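Q: Before we start, here is the structure in question, set down as structure tokens.
The values are calculated or read from the model by the stated rules, or taken from the named source; none is laboratory data. None of the values given here were measured: they were computed from a predicted structure. Because the Cβ atoms are built from the backbone with ideal geometry, glycine has one as well, and the counts that use them run over all protein chains shown. Just the protein is used for accessible areas: all its heavy atoms, side chains included, with ligands, DNA and RNA removed. Shrake-Rupley method; radii C 1.70, N 1.55, O 1.52, S 1.80 Å.
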Amino acid sequence: MLEVKNLCVSYGESIIIRDLSFSVAKNETLAIMGRNGMGKTTLMKSMIGMIRARSGSITVDGKDVAKLDSFQRVKAGLGFVPQGRQIFSALTVEENIRTGLETAKVRKIEDWVYKTFPVLDEMKNRKGGNLSGGQQQQLAIARALVSGPKVLLLDEPTEGIQPSIIKDIARTLNELKRLRDLTVVVSEQVLSFTLEIADRLIVIESGAIVHEDPRSSVDEAVISRYLSV
Amino acid sequence: MTKISAAILLAMFGAYTWDELQVVLIMQGFAGISLFSIFLLMALGMAIIFGQMKVINMAHGEFMTLGAYATVVCSYLSETYAPGLFHWYFPVAMIVAFGAAFVLGFLVEISIIRFLYKRPLDTLLATWGLSMIMQETFRQVAGARETSATMPDWLMGSWQPAEGLDIPINGMFLLGVSVLLTAAITINMYYSRAGLRVRATVMNRDMAGAVGINTRLTDRLTFALGCGVAGVAGCAFTTVGSISPTAGSQYIVDTFMVVVFGGAGSIVGTIIAAFTIAQAQSILEFLLSGVLAKVFVLLAVVGVLMIRPQGLIASKIRK
Amino acid sequence: MQHLQGSFVNTLYRNVLGGPTGAIGLGLLALLLLVFLPLTIDSFRLNLMGKYLSLSFVAIGLVMCWGYGGIMSLGQGLFWGLGGYCMAAFLKLEAAASIAGEAGSDQNKALTTVGIPDFMDWNQITVLPWFWEPFHSFPLTLLLIFAVPTIIAYIIGVAMFKRRVGGVYFAIITQALCWTMEILFVTRQGWTGGINGITDLRTLLGWDIRTPENQTIIYFVTCFLIIGCILFGRWLLNTKFGRILLAVRDMEDRVRFSGYDVANIKTMVFCIAAAMSALGGAMFVLNVGFMSPKLITIEPSIYMVIFCAVGGRMSLIGAVYGTLAVSFGRTFFSEQFPALWFFLMGSIFLLVTMVFPDGLAGAVRRWIWPPIERLFGKGRAISAAVKEGQP
Amino acid sequence: MIYPHYALEVEELTVSFDGFKAVNGVTLYVEKDELRVVIGPNGAGKTTLLDLICGRTKPTGGKITFLDKVLTDMQEQEIVRSGVVRKFQTPSIYPKLSVFENLEVSHPKGRTAFGAIFFRRTSDVVDKIHAVAKEIYLDGLLDMEGEKLSHGQKQWLEIGMLLMADPQLLLLDEPVAGMSVREREQTADLLRRICKGRSAVVIEHDMKFVRKIADKVTVLHQGKLLAEGPMDKIESDPRVIEVYLGH
């Protein structure tokens, strides 16, 4: 469903991602793990097009999107939940969700959105900036989902979220994946959360893949070692 | 202190009886309404461009001039080739003025503005250069002398609701146009999909792209819309004044003061500010000399801005 | 210890002259202004140079206040003009006195009321207004040239910066204030000479400012003052104050939480820039022999910012070259291609802001210095200094 | 004096934005020599609390006193001068100045406009900068431009800039955000060292890190004080588990 081939990304002169390749099958959840500064966020941003890749290809459902603008990638089937959520703080919750409808086939918010996230229904007319972190995270996911993506990209969804809500997020994601027929790529540092949602884990270090495990045979000790040091 | 101000007031008003004064104030008030309409139309375009995009367009006045020349051309064409339709050329001219300014604004965004979004103070210098180029183009094409559009009959004359009161129809027309346009812009900004696109884009350009909004096109259209409104302002201006290559640039500082005074980004604030400044200037103009009125108004606005740097109406959102 | 200041001479060399690059740059400028130009161009054009150079004081001030401090003022013409008007007032009183002296008791020969400027008489003012009195004294005039603009800059600075008005808002407000002053100067004809300004200035303390020889002397004085301003600017930007300016420009909030009153820092640099502009205005009057409100309004003020931008907003020397380049371009094009010059100037504005945001100085740093270094082989020290961005 | 041994006294502190009470009647006391950690879900008002103490936001009600000085009436720079310094969530350092200059600018001498102009780089100043740079693990990078440092180094530099002022009270907003595990450990060491003899209020999410450094923990929830006490007590508090820690 998603295939990244020989991706190189750089900021000015320093190369952040080197010749990275991986692919994700339909309905699979891939977790990209690694410490801070190892290029996870850069990888996610370059997949959605906030940063342009220097070379390489990113194929979504058979279509190469590496040269396209962000909004065209969304049209091609990518959905993005950024690090820090990046809610439009002065827009209401409902308006925030409506921004995601830009490329959608339907022009109104369908019922399942508020059914999945009842808290957003309650807060419809509040300003996005006045929501708590957990609520904002749900809003960010809803905003990404209404465009009807085939592949959902989540960048560190647990960062800055209280531990009690992290489990809820994992549950919601698993449920959504089933209901919305999604393929998911998630970048994470928290192993326990990753193990609840991912089918396969890759670890990147200095912008390159250094380790890969299917969930069935994850060696927690090895991955923890990559994440610490 | 009160004695002194009383003395000044006496000196200002002493020469008039109360009845005379009433009529004078109403007349000046209506004169102020014409000024208000022009300020509002100019400021509306700028509120879109500066308030939303944080771009300072020093060539905003030239877009107004462009709209005015477009109207002059329309008036000439219709007079020469379609005198039968002359009666109704003005609404067409308004659309043409909007279109011309809109298209040019669109091109300017592509060629200049989009490179400067991260350097707001530099847009000021670049667009100053643009305004020089535009002014000179007007001078080369239309000549340095003042010209004016011929007004259809229905825009001339005046309305006399009471003895001694004489309210020009063109002023009322101007007011009508600016009210309608303001309402249209407000609805577009806060209740339409296009407005949502604009607001999301200016809040977080990268993220807006990542949820599927074509941010480049949005920027372009927003800037062009602001310019287009300035074009309409120019068209409306021809009903009350004649036009020269530098006509628009005379309003640029006033317009900035209106937008800043009202609170950048707030349409309600812009309306209030345009009204206050226009009325103050128009009434003071009668009591003092024209230029001194300007000085008073400018200093008063600066004074208010010191007390409320965010402008009259500012949105408060928790960061 | 590497960061400790060395001997006095060494410190002076590094912090005032600006190390090797700074010294070379300043040396070249001095050579151009003091040797090359006086030898190659006639006295008329040299006087024209003096006129342009007196504008570069403003640009040097803007480098400090805008390039380093991040404060863009579109009203520098205000301060430049005040400095100029103070100087002009003194010269005008002297001219009036000399006319009165020539005329003796012959009122008709004097044409005007004895001892007051002619324009006052034309406006039915027969007694010198009280605020003109100090300009009878040369020392007082010198004081006022600096004091009046600085005090006004101080008032504007405190009023604006304490209320945290900055950025675009400050730019627009200074522009409005500049306009306000122009209106006042034009309308108060009896006090200021109105739209014509103060004209027909003749002598400074009895010394004729109109003869070509004396104009050449004024030119040299202008040059020395500019070099003095550059040295002063370098010294200032190399103190802790200069680093705080950069800090304020990039991270205003952090500076506040390092315990500084940011408003005071900004007001200070704004006042310094104002005083420098005023000096330029005063020199302008000596160079050209008149002062006019047309020179101090919005448009000239924007030109002043352009001088600075063209020269490179981070370079004190660049400010001088920027002023000369734009002024000459303006004169040349408006004489040779009167129809084209607006287009050309407009394009230069566009080009500089869009393609060369670091101006001439940036271009020199990027393209001219590296080959020279390679040529002489000892590049590293110089290139290090260049990269540090020596002001 | 009613509470002679408290350094920081925050009493009934309240602030509202458009009717939304971000901090609502919070009272807390911090002793001299104490390192207090404030935890709580996002939007609980932690950062706003620090903003209020350091004067960035003005409260709508309540009072803050530090060593008998009422901070609520003072301007930001006056608060800093009275010994209260603040580190921001995203590291804010001066990008175009070197590490050395960043620290020098933060030196308390020459804080007025004239003072800054006539400030002399004496050996005292240089010694102090070297000492602080060593403390924050940056003594090898004195001439590096601020913007070229890594994220973790920027965080340290900002802490160093605070130390230059010999503060009495440190307010640190997520000092280890974005740091690697090793950097986190170094930072924990650093904090323990520098907080000797002064007070500190630290906001943090990383519970492992909190356990390492905290003397006492305050939990905020929806702008209100939910619980306060030593870490072990907090970790077993059912209310805290409910709203924050999870089961």
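Q: Scan segment D:94-104 residue by residue and report those that are within 7 Å of chain C (Cβ to nearest Cβ) and either in contact with a Pro (Cβ under 7 Å, 6 or more places away or on another chain) or crowded, with 24+ Cβ neighbours inside 10 Å (or both).
A: Restricting attention to segment D:94-104, the residues satisfying the condition of being within 7 Å of chain C (Cβ to nearest Cβ) are D:94-97, D:100-101, D:104.
The answer is D:Tyr94, D:Glu104.
Q: In segment D:44-77, which residues are free of Cβ contacts under 8 Å to residues at least 12 places away in the same chain and either buried (at least 24 other Cβ atoms within 10 Å of the Cβ) or within 18 Å of the chain's Cα centre (by Cα) (or both)?
A: D:Asp51
Q: Just checking, which of B:Ser131, B:Ser178, B:Ser158 is open to solvent by less than 50 Å² (accessible area, probe 1.4 Å), under 30 Å from B:Val24 (Cβ atoms) and within 24 Å of the chain's Cα centre (by Cα)?
A: Unique residue meeting the criteria: B:Ser178.
Q: Additional query: Among the residues of segment C:229-260, write down those that are among the β-branched types (Val, Ile, Thr), more than 7 Å from chain D (Cβ to nearest Cβ) and farther than 13 Å from C:Cys65 by Cα. Step through it out loud before you land on a result.
A: Keep residues of segment C:229-260 that are among the β-branched types (Val, Ile, Thr), which gives C:230, C:239, C:244, C:248, C:255.
Then drop every residue that is not more than 7 Å from chain D (Cβ to nearest Cβ), which leaves C:230, C:248, C:255.
Passing the criteria: C:Ile230, C:Val255.
Q: Give the residues of segment C:293-309 that are polar (S, T, N, Q) and at pLDDT 90 or above, sorted by residue number.
A: Across segment C:293-309, the qualifying residue is only C:Ser301.
Q: If A:Tyr226 passes every condition in (1) open to solvent by less than 40 Å² (accessible area, probe 1.4 Å); (2) at pLDDT below 85; (3) of a type in the set (Phe, Trp, Tyr) but one, which one does it miss?
A: Result: A:Tyr226 fails condition (1) only.
Q: Let me ask you something else. Does A:Ser217 satisfy the criteria of being within 13 Å of another protein chain (Cβ to nearest Cβ), of a type outside the set (Asp, Glu) and surrounded by fewer than 18 Cβ atoms within 10 Å (Cβ to Cβ)?
A: no
Q: Sticking with this one: From the list A:Leu176, A:Leu101, which one is in contact with a Ser or Thr (Cβ under 8 Å, 6 or more places away or on another chain), among the hydrophobic types (A, V, I, L, M, F, W, C) and more than 10 Å from every other protein chain (Cβ to nearest Cβ)? Before you say what the answer is, go through the steps one by one.
A: Details: A:Leu101 fails: more than 10 Å from every other protein chain (Cβ to nearest Cβ).
None of the other options fit; the residue is A:Leu176.
Q: Going residue by residue through segment B:90-105, is there one that turns out to be closer than 22 Å to B:Val253 by Cα, aromatic (Phe, Trp, Tyr) and open to solvent by less than 10 Å² (accessible area, probe 1.4 Å)?
A: So far as segment B:90-105 goes, no, none of its residues is closer than 22 Å to B:Val253 by Cα, aromatic (Phe, Trp, Tyr) and open to solvent by less than 10 Å² (accessible area, probe 1.4 Å).
Q: I'd like to verify a number: residues in segment B:252-287 that are among the charged types (D, E, K, R) and open to solvent by 20 Å² or more (accessible area, probe 1.4 Å), how many? So that I can check it myself, show each step before the final result.
A: First pass over segment B:252-287, keeping only residues among the charged types (D, E, K, R): B:254, B:285.
Retained after the next criterion (residues that are open to solvent by 20 Å² or more (accessible area, probe 1.4 Å)): B:285.
So the answer is 1.
Q: Kindly indicate whether any position in segment A:72-93 is surrounded by fewer than 16 Cβ atoms within 10 Å (Cβ to Cβ) and more than 18 Å from the chain's Cα centre (by Cα).
A: Checked segment A:72-93: no residue is surrounded by fewer than 16 Cβ atoms within 10 Å (Cβ to Cβ) and more than 18 Å from the chain's Cα centre (by Cα).
Q: Moving to a separate point now. Take the residues in segment B:137-154 that are small (Gly, Ala, Ser) and closer than 20 Å to C:Leu340 by Cβ; name whichever of them is most open to solvent (accessible area, probe 1.4 Å). Reasoning before the result, please.
A: Going residue by residue through segment B:137-154, those that are small (Gly, Ala, Ser) are B:142-144, B:148-149.
Cutting the leftovers down to closer than 20 Å to C:Leu340 by Cβ gives us B:142-144.
Values: B:Ala142: 47, B:Gly143: 23, B:Ala144: 68 Å².
If we take residues in segment B:137-154 being small (Gly, Ala, Ser) and closer than 20 Å to C:Leu340 by Cβ, then B:Ala144 is most open to solvent (accessible area, probe 1.4 Å).
Q: Against the condition within 12 Å of chain C (Cβ to nearest Cβ) and open to solvent by 40 Å² or more (accessible area, probe 1.4 Å), how does D:Asp124 come out, does it pass? Please lay out each step first, then the result.
A: Numbers: within 12 Å of chain C (Cβ to nearest Cβ): yes; open to solvent by 40 Å² or more (accessible area, probe 1.4 Å): yes.
Considered against the rule, which asks whether it is within 12 Å of chain C (Cβ to nearest Cβ) and open to solvent by 40 Å² or more (accessible area, probe 1.4 Å), D:Asp124 comes out as yes.
One line per residue, one yes/no per condition, for (1) under 30 Å from B:Gly84 (Cα atoms); (2) under 24 Å from the mean Cα position of the chain (by Cα):
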residue: B:Arg119; (1), (2): no, no
residue: B:Glu136; (1), (2): no, yes
residue: B:Gln140; (1), (2): no, no
residue: B:Asp153; (1), (2): yes, no
residue: B:Arg216; (1), (2): no, no
residue: B:Val229; (1), (2): yes, yes
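Q: Tally up the residues in segment C:214-223 that are without any contact (Cβ under 8 Å) to a residue 40 or more places away in the chain and out of contact with any Phe, Trp or Tyr (no Cβ under 8 Å at 6 or more places or on another chain), please. Walk me through it before giving the result.
A: The initial filter retains those residues of segment C:214-223 that are without any contact (Cβ under 8 Å) to a residue 40 or more places away in the chain, namely C:214, C:217.
Imposing the further condition that a residue be out of contact with any Phe, Trp or Tyr (no Cβ under 8 Å at 6 or more places or on another chain) reduces the set to C:217.
Qualifying residue count, segment C:214-223: 1.
Q: Looking only at helices (runs of 4 or more DSSP H) that fall completely inside segment D:19-127, which ones have 2 or more residues that are polar (S, T, N, Q)? It would help to see each step written out before you state the result.
A: On the way: elements: D:46-54, D:76-81, D:99-105, D:113-117.
Here the list reads D:46-54.
Okay, residues lined up against (1) of a type in the set (S, T, N, Q); (2) out of contact with any Lys or Arg (no Cβ under 8 Å at 6 or more places or on another chain):
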site: A:Ala53; (1), (2): no, yes
site: A:Thr59; (1), (2): yes, no
site: A:Lys63; (1), (2): no, yes
site: A:Asp69; (1), (2): no, no
site: A:Val74; (1), (2): no, yes
site: A:Gly77; (1), (2): no, no
site: A:Gln83; (1), (2): yes, yes
site: A:Val93; (1), (2): no, no
site: A:Asn96; (1), (2): yes, no
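Q: Further, regarding this structure: Considering only residues that are within 7 Å of chain C (Cβ to nearest Cβ) and in contact with a Gly (Cβ under 6 Å, 6 or more places away or on another chain), look in segment D:78-92 and name the one that is surrounded by the fewest Cβ atoms within 10 Å (Cβ to Cβ).
A: Here the residue is D:Arg81.
Q: How many residues does segment D:201-247 hold that are of a type in the set (S, T, N, Q) and either on the phi > 0 side of the Ramachandran plot or in contact with a helix residue (DSSP H, G or I) (Cβ under 7 Å, 6 or more places away or on another chain) (or both)?
A: We begin by selecting, within segment D:201-247, every residue of a type in the set (S, T, N, Q); these are D:218, D:222, D:236.
Next, only the ones that are either on the phi > 0 side of the Ramachandran plot or in contact with a helix residue (DSSP H, G or I) (Cβ under 7 Å, 6 or more places away or on another chain) (or both) stay: D:222.
Number of matching residues: 1.
Q: Being more than 14 Å from every other protein chain (Cβ to nearest Cβ), touching a residue at least 12 places away in the same chain (Cβ under 8 Å) and more than 16 Å from the chain's Cα centre (by Cα) is the filter; apply it to segment C:293-344 and report the residue that is most open to solvent (accessible area, probe 1.4 Å).
A: To start, the set of residues in segment C:293-344 that are more than 14 Å from every other protein chain (Cβ to nearest Cβ) comprises C:294-296, C:315-321, C:323-325, C:327-328, C:331-332, C:335-336.
If we keep only those that are touching a residue at least 12 places away in the same chain (Cβ under 8 Å) too, we end up with C:294-296, C:315-321, C:323-325, C:327-328, C:331.
If we keep only those that are more than 16 Å from the chain's Cα centre (by Cα) too, we end up with C:294, C:328, C:331.
Working: C:Lys294: 129, C:Phe328: 75, C:Thr331: 35 Å².
Out of the qualifying residues, it is C:Lys294.
Q: Let me ask something additional. For a quick check of your reading: which helices (runs of 4 or more DSSP H) sit entirely within segment C:191-269 and have at least 3 residues that are within 30 Å of D:Leu52 (Cβ to Cβ)? So that I can check it myself, show each step before the final result.
A: Numbers: elements: C:212-237, C:240-250, C:252-256.
Passing ranges, in order: C:240-250, C:252-256.
Q: Counting residues that are within 14 Å of chain A (Cβ to nearest Cβ), over 22 Å from D:Gly25 (Cα atoms) and open to solvent by less than 50 Å² (accessible area, probe 1.4 Å), which helices (runs of 4 or more DSSP H) fully inside segment D:140-247 reach at least 1? It would help to see each step written out before you state the result.
A: Working: elements: D:151-163, D:181-194, D:207-213, D:231-235.
Counting at least 1 such residues, we get D:151-163, D:181-194, D:207-213.
Q: Out of all the residues in segment C:230-255, which are open to solvent by 20 Å² or more (accessible area, probe 1.4 Å) and farther than 30 Å from C:Ile24 by Cα? I'd like the intermediate steps shown before the answer.
A: The first filter runs over segment C:230-255 and keeps only residues open to solvent by 20 Å² or more (accessible area, probe 1.4 Å), leaving C:231-232, C:235, C:238, C:243, C:246, C:249-253.
Answer for segment C:230-255, where residues must be open to solvent by 20 Å² or more (accessible area, probe 1.4 Å) and farther than 30 Å from C:Ile24 by Cα: C:Met251, C:Glu252, C:Asp253.
Q: Check B:Arg199 against each of (1) assigned to a helix (DSSP H, G or I); (2) over 24 Å from A:Leu145 (Cβ atoms); (3) not small (Gly, Ala, Ser) and name the one condition it does not meet.
A: Among (1) assigned to a helix (DSSP H, G or I); (2) over 24 Å from A:Leu145 (Cβ atoms); (3) not small (Gly, Ala, Ser), the lone unmet condition for B:Arg199 is (2).
Q: Same structure, new question: Taking only segment C:75-121 into account, find how many residues are modelled with pLDDT under 90 and in a loop (DSSP other than H, G, I, E, B).
A: So the count comes out to 10.
Q: Okay, next question. Restricting the first residue to segment C:42-58 and requiring it to be farther than 17 Å from C:Gly81 by Cα, which pairs with a second residue that is polar (S, T, N, Q) and open to solvent by 10 Å² or more (accessible area, probe 1.4 Å) meet a Cβ separation below 7 Å and a spacing of at least six or different chains?
A: Cβ pairs passing all conditions: C:Ser43/C:Gln215; C:Ser43/C:Thr216; C:Leu46/C:Thr216; C:Asn47/C:Gln215.
Q: Turning to a different aspect of this structure: Just for segment C:139-186: of the residues that are within 7 Å of chain B (Cβ to nearest Cβ) and outside any helix (DSSP H, G or I), which one is surrounded by the most Cβ atoms within 10 Å (Cβ to Cβ)?
A: Within segment C:139-186, the match that is surrounded by the most Cβ atoms within 10 Å (Cβ to Cβ) is C:Val165.
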